[in-house]
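All remarks here apply to the structure that follows.
Where a number appears in this text, it was derived from the coordinates with a stated rule and is not lab data. The model shown is predicted, which means the values in this text are computed figures rather than measured ones. Positions of Cβ are generated from backbone atoms using ideal geometry, with glycine treated the same way; all protein chains shown enter the neighbour counts.
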Amino acid sequence: MTALNELARADILFLNWRDPSHPQAGGAETFCWETARRFSEAAAHVTVFTARHPGSAPESVSDGIRILRDGDTYGVYAAAARHLLRHRHAYDAVIDCQNGIPFFSPLFTPRWTADVCVVHHVHQSQFDMLLPRPLNIVGRLLEKQVSRRVYHGRPVVVVSPSTLEGIRRELGFRNPAYVVPNGSSLPGASQAPHPVGVSRSRTPTIAVVSRLVPQKRLDLLVHAMPALMHKMPGIRLDIAGDGGELGRLHDLARQIGVSNAVAFHGRVSDPRKWELLAQAWLTVVPSVAEGWGLTVIEANAVGTPAVVFDVPGLRDAVRPGRTGWLLPPDSDLAGGIADALAELTDPAARERVAVRCRSWAATFSWDDTAERLAAVVLEEMARTRRHRRSRRRPSDLSVIGSFQVTDANAMEQVLRNALRLTDAWNRCGDTFRVLLHGCDEVRAARALRRLGVRPSELTLASRQDVLVGTTGTAPAEPATGENAPEPPGEPGLLPAGLGSPQSESDRTTP
């Protein structure tokens, strides 16, 4: 039985700044909605509480999810606190999604409610860009010192290894932390080279689908167009999305004389988004930082590689030399894009890159994202019901171990019942591989000995293992030329077997 199925009939509240119908909805809203929808499909009772925007109803139901809207951009925090105080006994778990400033749900819920904080990326360096003084100082204080105190000891879900590093280094969090990456929205991306009826552009084309906000720094991309037009006549840039920067980007394109080569499509439908990305040779993400590169993975899903700066989040989503290009943060963007497009001039090279991109994107799914988040929620629900502190010592190390057994069916039952839901394993014949989170090799070996097995291999997991550990390796690529198999040290796990929730004391704890 999966972790999602174990959430049946549980009352779950998601707190998120916006819902998907909000004009400024972005990746955080996609993460919230895609996971909430799957919780609801698994028969959990799901409520999503968000800010209200013009034209929206205070309450509605969609995909079986109850949506409550109250408060504006900043008033939503007080509105959410009032809701929790009025209904503090109504929820088994609260998933508190931090968009710079969290909802501080532990202050308003009883001690037996499982509070899980989801952090997409750290905003400390962005508050000066987003808020005037003294609000920027208040924002940094709330995200760092206040959050660290309020969420002390509670699990934190991050969407990438970069965000994990950020909450440790910049925020000083010492909480147990779990990496739960975003999924990929296009079904069948590994099989279909493009959406039906869509062909790759004959001329160099860049497509960007993004919220148009200052931290995305799309002005750098527009500024790069004169140099790119000089090197590659006929190049086109398609920008899809809406936001406060739209007018400024329009004016900038006109001022520097690139309006004929830059098209602004505004907010587009999903089919139109996939069409733009599938036609393009390249997507470019010049953001100052991201929690994860959702737009990168969406472009990869239709075989389109990405050029990004080597900054948090994006460095996790791009595999340099295989699915895109990482540029030094202070490098020339126009030069980096020109070099990438030069490599893609050969149609055969474009197709080789497209195969790798679709293969990488196929390792991520919203089903797996929801399953991994559900496992964290279940573990915390079990802990809070016993009113115990977690036995897990916070550690950001993970270990992969391999072993063989004579009775594989019996070992399956042992692993289902002994490992935490947040760990993973797979079986190939009589050989097992396990991914144990929050431990080093010594503690992992000790845990496996308690299961009566002696691992033949025990190594620290890579960043890629942590990201795709429960979804499996990408579909196989031809083992020739640039598509040769991955080098040792970056294995992935096949779909994991997950046990039913038990108390932590009943499970093998590294």
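The chymotrypsin sites (Phe, Trp or Tyr not before Pro) of the range 70-148 meeting both criteria, a DSSP state outside H, G, I, E and B (loop) and at most 16 other C-beta atoms within 10 angstrom of the site's C-beta, are Tyr74, Trp112. Under the membrane-span-like helix rule (DSSP H runs whose alpha carbons stretch at least 18 Å along the helix axis, mean Kyte-Doolittle hydropathy -0.5 or higher), the chain yields 218-231, 347-361. Placing dummy labels 7 Å off each Cα toward the beta-carbon, the span from Ser269 to Arg454 is 6.3 nm. Footprinting exposure proxy ranking of Asp423, Asp346, fewest other C-beta atoms within 10 angstrom first, gives Asp346, Asp423. Computed from the alpha carbon positions, the gyration tensor of the range 423-466 leads to an equivalent ellipsoid with semi-axes of 16, 15, 9 Å, biggest first. Taking other C-beta atoms within 10 angstrom as a stand-in for reagent exposure, His265, His152 fall in the order His152, His265, fewest first. Charge dipole (Cα centre; +1 on Lys/Arg Cβ, -1 on Asp/Glu Cβ; no other charges) of the range 290-359 amounts to roughly 360 debye.
So what does the Cα-only Debye profile of the range 3-179 read at q = 0.08, 0.09, 0.12, 0.14 Å⁻¹, as log10 I(q)/I(0), no solvent term? The Debye formula, applied to the Cα set alone, gives -0.23, -0.29, -0.53, -0.74. Taking square-rooted eigenvalues a ≥ b ≥ c of the alpha carbon gyration tensor, is the range 43-101 rounded, prolate or oblate, where a/c under 1.5 means rounded and, failing that, a/b exceeding b/c means prolate? Here the range 43-101 falls in the oblate category. Can you find, among Val311, Gly336, Ala263, the residue farthest towards the positive end of the dipole of the range 205-361? Put +1 on the C-beta of Lys and Arg, -1 on that of Asp and Glu. After comparing all options, I get Ala263.
The residues packed around Leu171, meaning those with a beta-carbon under 12 Å from its beta-carbon, carry a net charge of +4 if Lys and Arg are +1 and Asp and Glu are -1.
With +1 on each Lys and Arg Cβ and -1 on each Asp and Glu Cβ, how big is the dipole of the chain about its Cα centre, in debye rounded to the nearest 20?
1440
The distance linking the range 425-447 with the range 270-342 is 34 Å (Cα centroid to Cα centroid, whole angstrom). Taking amide H positions as modeled 1.01 Å from N, with prolines and chain starts lacking one, the residues under 5 Å from Ser62 and 5 or more places away or on another chain are Ile67. Simple rule: put +1 on each Lys or Arg Cβ and -1 on each Asp or Glu Cβ in the chain, find the dipole, and look at Val288, Val94, Leu237; the Cα lying farthest toward the positive end is Val94.
The average projected area of the range 354-444, computed from the convex hull of its Cα atoms over all directions, is 8.0 nm². Along its first, second and third principal axes, ordered by size, the range 299-367 spans 38, 31, 14 Å in Cα coordinates. Taking each DSSP H run with n ≥ 4 as -39500 (n - 2.57) and averaging over every residue of the chain yields -10000 deg cm²/dmol at 222 nm. With a simple spin-label model that places each label point 7 Å from the Cα along the Cα-to-Cβ direction, the separation between His152 and Lys231 comes to 5.3 nm.
Phi angles across the range 308-325 convert, under the Karplus curve 6.51 cos²θ - 1.76 cosθ + 1.60 with θ = phi - 60°, into 3J(HN,Hα) values of 9, 7, 7, 10, x, x, 5, 5, 7, 7, 9, 9, x, x, 10, 10, x, 10 Hz, Gly and Pro given as x.
Here each label is just a point 7 Å from Cα along the line to Cβ, and for Asp339 and Arg9 those points are 6.0 nm apart.
Please work out how much length the chain gains when fully extended from Ile137 to His250, using 0.36 nm per residue of separation minus the C-alpha to C-alpha distance, in nm with one decimal.
On the way: separation 113, 0.36 × 113 = 40.68 nm, distance 3.15 nm.
Answer, rounded to one decimal: 37.5 nm.
One quarter of the surface of the convex hull around the alpha-carbon atoms of the chain equals 23.5 nm², the direction-averaged projected area. Dipole check for the range 3-179: with +1 at the C-beta of Lys and Arg, -1 at the C-beta of Asp and Glu, and the Cα centre as origin, the magnitude is about 600 Debye. Across the options Ala361, Ser160, Cys439, the greatest Cα extent toward the positive end of the charge dipole of the chain (unit charges at beta carbon of Lys, Arg, Asp, Glu) belongs to Cys439.
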